[in-house]
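Presented below is the structure to which this report refers.
The values are calculated or read from the model by the stated rules, or taken from the named source; none is laboratory data. Computed from a predicted structure; not experimentally measured. Quick reminder, even Gly has a Cβ in these numbers, built from the backbone with ideal geometry, and neighbours come from all protein chains shown. Ligands, DNA and RNA are stripped out before the accessible areas are found, and what is left, the full protein with its side chains, is counted by its heavy atoms. Shrake-Rupley method; radii C 1.70, N 1.55, O 1.52, S 1.80 Å.
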Amino acid sequence: MTPRDSTLLRASDVAVHFGSARAVDGVELDIRAGEIIALVGESGCGKTTLARTLLGLQKPTSGQVLYEGKPLASSNRGLREYRRHAQLVLQDPTGALNPRHSVYEAVAEGLRIHRVPGDERELVASALSRAGLRPPERFFGLVPHELSGGQRQRVVIAGALALDPSVLIADEPVASLDASVRGEILALLLRLRDELGLAALVVTHDLGLAWNIADRVAVMYLGRIVESGPVEQVLTAPQHPYTQALLSVLPESSTPPMVLAGETPDPSRVPTGCRFHPRCPLLAAGLPEEVASKCRTVDLPVVDGAEPGVACHAVAVGSGSHR
Ligand SMILES: Nc1ncnc2c1ncn2[C@@H]1O[C@H](COP(=O)(O)OP(=O)(O)OP(=O)(O)O)[C@@H](O)[C@H]1O
Ligand code: SF4
Ligand SMILES: [Mg+2]
């Protein structure tokens, strides 16, 4: 297994364009062994597209994804092998499970596709057990409608665990669940990190969730990461006006809400200069002209998501690791 803290999965200057829409537009991000990263940002900023690209389900327009230092294979066979190591967990477990397949079948499916050697029954039982469905045999014959939403998500996670992955890419993994079971599923991800050293990229637009689960946070805006760093740093001392605005509207926020002006951004019309400038509360409140003119005209360097960094002309040089 990869030692903790070493880079497992890396997005290197990844862009994904759909025609004129720049869904992902230059992203540097490292996922290290044994850590949970929360990828946060509002709807349409490119989180799912980036997640799919990290899984090899979407080809980048430019840049590349590296797993353990090697670019992802482009052959179907190579990608299938890769997907054992990086497993996807979707938002809605009901959609991810075949309603007619038993829990056993659902977990065994991946083992069969990947021709995992060993006793299938034991592997299925062990995966269910690691996902917190115990005793596992009790769940073998059940079909999805006989399970709660939380149990269904555990079955999906068990299906991933059966393949012994090193990283989970979880796209809004608890968004479709009742508040009462969200905590359980998040606790499960934390336990998997602690006990198995399993890394995860958790996509969410819930900053509270990021706070509860993540080691690091990457904040995405219109296809770019605008701020990244350790969770305490980003969520208690946010540097980027966009992160500040996101945090200011949380009910527990001690700062007055910063309302974002302007329209929700359109990836086919990325503004010049800082892409956040038409909505930036700091710019609207008034900045020295030499900064304000940069905001409107000078693009920002890509923040390297491996290090704490901020992409903002108004943040003092030296506080971010720009390249
Ligand atoms: N296959 C596609 N073809 C064309 N445009 C796409 C495609 N997939 C995504 N997009 C566009 O790319 C942008 C980013 O979409 P994406 O689904 O990655 O956002 P997101 O951050 O996951 O949003 P949400 O929080 O709503 O799930 C959106 O403008 C979306 O319409
Ligand atoms: S660069 Fe300027 S417009 Fe962009 S976030 Fe910073 S202050 Fe706002
Ligand atoms: Mg999405």
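Quick notes on this one:
- Helix 76-85 axis, angle to the chain major axis (alpha carbon atoms, nearest 10°): 90 degrees
- Sequence-separation-based contact order of the chain, relative, with Cα cut under 8 Å and 6+ spacing, percent: 21 percent
- Principal-axis tilt of helix 179-196 within the chain, Cα atoms, nearest 10 degrees: 80 degrees
- Rounded if a/c under 1.5, otherwise prolate or oblate - the chain, Cα gyration tensor axes: prolate
- log10 of Debye I(q)/I(0), alpha-carbon scatterers only, for region 254-318 at 0.20 Å⁻¹: -0.92
- Distance between the C-alpha centres of region 131-175 and region 194-217: 18 Å, rounded to the whole angstrom.
- Peptide packing: for 172-180, 154-162, 26-34, the average count of neighbouring Cβ atoms within 10 Å per residue gives the ranking 154-162, 26-34, 172-180, highest mean first.
- Each of 247, 292, 308 was placed along the dipole of region 238-316 (beta-carbon charges, centred on the mean Cα), and the one lying farthest toward the positive end is 292.
- Taking only the Cα atoms of region 101-159, the ratio Rg/Rh comes out at 0.94, with Rh defined as the Kirkwood radius.
- In a fully extended conformation the segment linking residue 68 and residue 252 would gain 62.3 nm over its present Cα-Cα distance, using 0.36 nm per residue.
- Normalised per residue, the accessible area of region 238-316 is 51 Å², obtained with a 1.4 Å probe and no contribution from ligands, DNA or RNA.
- Carbon/sulfur fraction of accessible area - the chain, other protein chains in place, 1.4 Å, %: 51 percent
- With a cut-off of 20 Å on the backbone N, the residues of region 161-180 near the modelled label site 7 Å out from residue 148 along Cα-Cβ are 173-180.
- Evaluating 6.51 cos²θ - 1.76 cosθ + 1.60 at θ = phi - 60° for every residue in region 115-124, the Karplus couplings come out as 6, 6, x, x, 6, 4, 4, 5, 5, 5 Hz, glycine and proline recorded as x.
- The residues neighbouring residue 235, those whose beta-carbon lies less than 15 Å from its own, together hold a net charge of -4 under the Lys/Arg +1, Asp/Glu -1 convention.
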